[in-house]
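Here the structure comes first, spelled out in structure tokens, and everything after it is commentary.
The values are calculated or read from the model by the stated rules, or taken from the named source; none is laboratory data. Just so we're clear, the structure is a prediction, and the values are computed from it rather than from any experiment. Every residue, glycine as well, gets a Cβ built from its backbone with ideal geometry; the counts of neighbours run over all protein chains shown. Each accessible area value is taken on the protein alone, full model and side chains, heavy atoms only, with ligands, DNA and RNA left out. Shrake-Rupley method; radii C 1.70, N 1.55, O 1.52, S 1.80 Å.
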Amino acid sequence: MAVLDAARSTVGAAARHPRRGLVVLGILACWLLLWLFLRGTHTLALGPAQLTSLHEWLNEVRDAIGANRNSNPIFLYFFNEIRLVIDEFVTFIQSLFARPAYGSPIPVLGWLGVVAVAGYVSYAVANLRVALLAMGGLAFLGLQGLWQESMDTLALTTAAVLIALLFGIPLGMAAGLSDRFHRLITPVLDFMQTMPPFVYLAPLTLFFLIGPASATIATLIYAAPPTIRLTAHGVRSVPRPMVEASESLGATRRQTLTKVLLPAAKRTIVLGINQTIMAALAMVTVAALIDAPGLGKTVVSALGTLEVGQAFNGGLAIVVLAIVLDRVTTAASGRAERARLATRGLAARLRPAALLGGGIAAAVAVWFSRTYVWAAEFPDEVSIGDDIALAVANATDWVKENLVTVTNGIKNGVTEALINPLQALLVQSPWWLVAGVVLAIAIVLGNLRAVLVSIVCIALLIGSGLWQNSMITLAATLVATTIVVLLGLVVGVWMGRSGRADRIIRPLLDAGQTMPPFVYLVPFLALFAASRFTAIAAAVVYAAPVTIKIVADGIRGVPATTVEAATATGASTWQTITKVQLPMARRALTLATNQGLIYVLSMVVVGGLVGAGALGFDVVAGFSQGQLFGKGLAAGVAIVLLGVMLDRISQAAANRSGRITT
């Protein structure tokens, strides 16, 4: 009976608050009505080649920094020193397996040595199956004809991850031990993870120039938060009785940390390292926009010339590298527990001998790779990269010739029905009308903080001189987010209600979340050519996994007794979903929308490579054309402002929904 009352109470609470939805609809209706009379006025338009005084001032700042880089004390003794140290560190890592070093025409390890060492390390930290996967994956990179590019990507990723761990793990431990420090660093980590990865690039090139140093710093900024957050979570999750038992036995604080907390949190910390590695790999490929070497440059170059086959070959290499790194670190996180449970098995008894034999074999392979050319440089004659690229190019041509009606129908349908109307509404409305609508929605759905943040963001967007391009980007973001949320609702509810569907779909979503952003562009470029729709479709696929998983977890979090009570009262499946499960999962739905927005926005710059235009194109143009640097930098800031404004409004709405639901 109590369960029935709870279900009725929840549904009743949800039903008593549809007014905000009606108010928002009223606001949108008024906006549409005013647009009919005011469109085309006060739009703050700016031509593609036009610069504002802010953009010109940023160009002058860049020129001034360039002219005084070697004389200004701040650059001479701070920024230049940091750049020099990181450049040297990256060069050292590259010399190990990516670039010729120490007077030799080959790196310290040739390809055979790299494959052997990777296999041995994978076996040592994981198991034989993962070792074979690592060796096969690396060898496949060579067969693709992308060994050099892959090793450059691996070297930059390794350098950024090592630096990130050097700072991240101690910071995570401090956050795990101190509540005050945890409260202090959490907003910083939220900010770092909320920002689209591309926004780090432009400011860093201003201080550290274009090249590996800026790419490495941007990567470690983007990749460090998971390690900090999960290390803190692991330390804070250690059962209190375990810590009290250690202290009662006279352990010092340092002994408690090293002998109790860190071993107990080991699996969570390794999971954080896994997430940092995956984030670093994604960012390193994106850093190709600022001349970072590696696979990202291959994909960007191919996308720029619309060579789908070459882009697919490079994207495939990124996927293979991501799978190898993900599987090795994931298996390593569970290695200690499995080893503890299997100490008396045959495999456990043979493992020391296998490690010794594997170490000898790896050492022999390293010797071969430093002695013979065939073991040092991957043989070009066995490359299958051109065959892969040609096959994909032929398949793309076939699609263009035979499915053009279908693909153009989908593209034109979505463009005409959704993208163009919303873009016209946002771009052609007076700026003050759009600002008023945003603030009104923030008042209705959010709170005072969301309103204040929105005011600041709107003011800065106007000051950036890129209001119109910001509205075009906002239109694409809202269309993509709407599709993502609809997809998340359908698939997420299905997964939340069906364990079998969850078991089948969730691994696919996990795999999708490991893919760097560039990879998503390639198939859609092949199907739909360069257009705004292509960028939106790629953003949808990139953002869908996290949205679907949050919705599924929210639906599954509804108490089974409440669902059973609704069924017992005669509710149909549709009524149970719409009247019980979705209202009770409202906070998860709002969070899913928030994350969908952020993920979509993070694809904005990538979309600029395939015809999305607007802020993404401005950022890319700013990297490649000196006179547009200031405009590109302002576009990066505008993307941040859009992200902050949307994030704060949606988070405030989520918190408000949570209070209502509870």
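Tabulated data
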read-out: For peptides 176-186, 272-282, sequence by mean Cβ density within 10 Å, most packed first; value: 272-282, 176-186
read-out: Portion, in percent, of the accessible area of the chain that falls on carbon or sulfur, probe 1.4 Å; value: 67 percent
read-out: For the chain, size of Cβ-based charge dipole, Lys and Arg +1, Asp and Glu -1, in debye; value: 2760 debye
read-out: Overall Cα dimensions of the stretch 398-522, principal axis frame, Å, largest first; value: 47, 41, 26
read-out: Reciprocal mean inverse distance between Cα atoms of the stretch 568-650 - Kirkwood radius, Å; value: 15.2 Å
read-out: Virtual spin-label span in nm between residue 28 and residue 69, 7 Å along Cα→Cβ; value: 4.9 nm
read-out: Cα-based Rg and Dmax for the stretch 219-314, where Dmax is the largest Cα-Cα distance (Å); value: 20.9, 68
read-out: Which of 398, 378, 409, positive extreme of dipole for the stretch 374-425 (C-beta unit charges); value: 409
read-out: Volume of the Cα convex hull of the stretch 115-183, divided per residue and given in Å³; value: 116 Å³
read-out: Residue among 176, 107, 89 farthest towards the positive dipole end of the chain, charges placed on Cβ; value: 176
read-out: Burial order of peptide ranges 389-395, 534-540, 263-269 (average beta-carbon count within 10 Å, highest first); value: 534-540, 263-269, 389-395
read-out: Principal axes of the chain: Cα extent on each, largest first, Å; value: 78, 67, 61
read-out: Residue among 25, 78, 53 farthest towards the positive dipole end of the stretch 6-157, charges placed on Cβ; value: 25
read-out: Convex hull volume of the stretch 440-481 per residue (C-alpha atoms, cubic angstrom); value: 72 Å³
read-out: Two-site FRET efficiency, residue 625 against residue 244, from Cβ-Cβ distance with R₀ of 45 Å, rounded to 0.05; value: 0.10
read-out: The chain: relative contact order as a whole-number percent, Cα under 8 Å and 6+ apart; value: 21 percent
read-out: Kirkwood Rh, Cα atoms: Rg over Rh of the stretch 360-458; value: 1.41
read-out: FRET efficiency, residue 62 to residue 500 (Cβ-Cβ, R0 60 Å, nearest 0.05); value: 0.60
read-out: With DNA, RNA and ligands ignored, accessible area of residue 387 (1.4 Å probe; Å², nearest 10); value: 100 Å²
read-out: Cα-Cα separations in the stretch 234-385 greater than 29 Å, expressed as whole percent; value: 49 percent
read-out: Residues listed by number, the stretch 451-468, amide nitrogen under 15 Å from residue 53 label point at 7 Å toward C-beta; value: 463-465
read-out: Part-to-part distance (alpha-carbon centres) for the stretch 380-446 and the stretch 83-149, which is given in Å; value: 37 Å
read-out: Gyration tensor verdict on the stretch 515-559 (Cα atoms; rounded if a/c is under 1.5, prolate if a/b is larger than b/c, oblate otherwise); value: prolate
read-out: Cα-derived Rg to Rh of the stretch 394-451, Kirkwood definition; value: 1.33
read-out: Per residue accessible area of the chain, 1.4 Å probe, in Å²; value: 46 Å²
read-out: Distribution of pairwise C-alpha distances over the stretch 465-532, 5 Å bins, in %; value: 3, 12, 13, 19, 21, 15, 9, 4, 2, 1, 0
read-out: Computed [θ] at 222 nm, deg cm²/dmol, the chain (DSSP H ≥ 4; -39,500 (n - 2.57); rounded to nearest 500); value: -25500 deg cm²/dmol
read-out: Gyration tensor verdict on the stretch 15-76 (Cα atoms; rounded if a/c is under 1.5, prolate if a/b is larger than b/c, oblate otherwise); value: oblate
